[in-house]
Amino acid sequence: MDELLSMHGVSRTFGSPPNEVRALDAVDLVVGAGEMVAIMGPSGSGKSTLLTIAGGLEAADAGRVALDGTDLGQLSPSALAEVRRRRIGLVFQQFNLLLGLTAAENVAAPLELDGVGGRLARRQAVELLDRVGLADRADAFPDDLSGGEQQRVAIARALTGDRVLLLADEPTGALDRASGRSVMDLLRAAGGGRRAVVVVTHDDEVAAGADRIVRLRDGRIDDRGAGTVARSDGRVDGGKAVARP
């Protein structure tokens, strides 16, 4: 497997004794290029912490995190910021759109930060909005869009440039069932080739569309019961397979 994201021995602790909370405890996770992985587990199991560390938004206390062979822990703050901006796309449940910008302007913003001229950035933004079925809403402001439409704008924004890793934290949690299915279809379509997708979710239906399911409990990979990982090609990468519908 061509490793795109690798996390080895990753631990993260918050607070101090006696109120210390270990959010992640020596977690190992490898995601291959073109793969879609769902992260599941009860509230407080460390899912969101795993995602923020994978995206370089916070540092681990111990362990190694690498993106496409680059050790994120060895980068300077400015180099890490550049990797996040150019190589990693983030999609959150809250959408995180800038309310004063149109859909196209929200999508174009990362391109312009990378030095793309305004006219070209707009053209590329509209092309991305077209990919998520929203080209006709390019000039609408977030408050004029439905929740599902706002999430699709967020996905289009996350796909700008040459991003090879797409991280989504409960991307369907604020959506109705139909909108949630549409968003998951878009995330699946966004993967493939060199781009990998990692989705944190509590929804079994959402997770069922992934190539693998990784379950967390108390900050550790949970290999009990249904198992840790399943692959759409029938192979198992550690633990027991999780059957896909």
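Every number here is computed from the coordinates shown, using simple stated rules; none is lab data. Small disclaimer: the values here were computed from a predicted structure and weren't measured. Note that each Cβ is placed from the backbone with ideal geometry, even for glycine, and that neighbours are counted across all protein chains shown.
State the percent of C-alpha pairs, over all pairs in region 16-57, separated by a distance greater than 10 angstrom. For region 16-57, the fraction of Cα-Cα distances above 10 Å is 79 percent. Sorting Val30, Val21, Val132 from the fewest to the most surrounding beta carbons within 10 angstrom yields Val21, Val30, Val132. Annotation: the residues Asp130, Asp211, sorted from fewest to most other C-beta atoms within 10 Å of their own C-beta, follow the order Asp130, Asp211. Secondary structure note: in the chain, about 50% of the DSSP beta bridges are antiparallel. Counting neighbouring beta carbons within 10 Å and listing from fewest to most, the residues Met7, Met36 come out as Met7, Met36. Would you mind classifying region 136-214 by shape? Square roots of the alpha carbon gyration tensor eigenvalues, ordered a ≥ b ≥ c; an a/c under 1.5 is rounded, otherwise it is prolate if a/b is larger than b/c and oblate if not. Oblate, because a/c is 1.5 or more while a/b does not exceed b/c. Using equal-weight Cα scatterers in the Debye expression, the normalised intensity of the chain in log10 at q = 0.08, 0.09, 0.10, 0.13 Å⁻¹ is -0.30, -0.38, -0.47, -0.80. Ordering 112-124, 163-175 by mean Cβ neighbour count within 10 Å, with the highest value first, yields 163-175, 112-124.
Averaged over residues, the count of other Cβ atoms within 10 Å places the peptides 181-191, 149-159 in the sequence 149-159, 181-191, highest first.
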